[in-house]
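Undergrad: What follows is a single structure, and I will ask about it in a moment.
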Amino acid sequence: MTTTGRRALLRAGAAAGATALVGCTSSSGEGDGTRRPSAAELEAERVARAEAALRLRSVSTARTLLERYDAALAAHPALTTRLTPLRRSVAAHAKALGEGGTTVGPATISPSSPSPSASASASVSPRPVPVPVAADPRAALKELAAAERTASDRHTDALLTAPPEYARLLASVAAAGAAHAYLLTEGAPA
């Protein structure tokens, strides 16, 4: 064999070996259209899921409070003047907390869609369970104030894991809840 023949044979062998190596590595996931996500991508996905779950809990807390206001207004129409501005504020908080929707798994929860608990209970029972309201208007106001404090505490607890912009919103909503609780109990007589 001549020197030119050997070199050509070596080049062809090297090219075949390189092709085989590329074929081996691409068959481990890249050749079939999938690739393994990087550690940064996995962390970003984990953070996004955690934030979506946080938003879902926050929206659910606000909607539960809104249901309490609706029940109190239905049970005590005489409190309409006092409760309507606070209810409007809680509704705005629920909308703001869910702005852009929250995605957890295959479902997207938007501010206009029913709460996850409401949709789950709707599929189980034909009518939603009514929120209990005290027969006495003063007691109903105290219950609402307690519900406001509970919601405020939940929003405050969520600050620890919230991203900065959402934490600011949660802090504002929590502060408003504390003010609502004050207005419901100390602010004005029933």
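The values are calculated or read from the model by the stated rules, or taken from the named source; none is laboratory data. Just so we're clear, the structure is a prediction, and the values are computed from it rather than from any experiment. Neighbour counts run over all protein chains shown; Cβ positions are idealised from the backbone, glycine included.
Undergrad: Is it the case that the range 68-83 has a residue that's in contact with a Phe, Trp or Tyr (Cβ under 8 Å, 6 or more places away or on another chain) and modelled with pLDDT of 95 or more?
TA: Yes, the conditions are met somewhere in the range 68-83.
Undergrad: Could you go through the range 133-154 and let me know if any residue there is outside any helix (DSSP H, G or I), aliphatic (A, V, I, L, M) and loosely packed, with under 13 Cβ neighbours inside 10 Å.
TA: Yes.
Undergrad: Find the residue count for the range 169-190, including only residues that are over 16 Å from Ser89 (Cβ atoms) and either acidic (Asp, Glu) or modelled with pLDDT of 95 or more (or both).
TA: Looking only at that region, the number is 1.
Undergrad: Shifting gears a bit: Identify all residues within the range 159-177 that are in contact (Cβ under 8 Å) with a residue 24 or more places away in the chain, within 16 Å of Ala48 (Cβ to Cβ) and assigned to a helix (DSSP H, G or I); write none if there are none.
TA: Tyr166
Undergrad: Sticking with this one: Of everything in the range 131-168 that's of a type in the set (D, E, K, R) and in contact with a Lys or Arg (Cβ under 8 Å, 6 or more places away or on another chain), which residue is nearest to Arg88 (Cα to Cα)?
TA: Glu143
Undergrad: Could I ask something else about it? Scan the range 138-160 residue by residue and report those that are within 29 Å of Ala78 (Cα to Cα) and in contact with a helix residue (DSSP H, G or I) (Cβ under 6 Å, 6 or more places away or on another chain).
TA: Hits for the range 138-160 are Ala140, Leu141, Leu144, Ala145, Ala147, Glu148, Arg149, Ala151, Ser152.
Undergrad: Across the range 128-175, what is the total count of residues that are of a type in the set (D, E, K, R) and within 15 Å of the chain's Cα centre (by Cα)?
TA: So the answer is 3.
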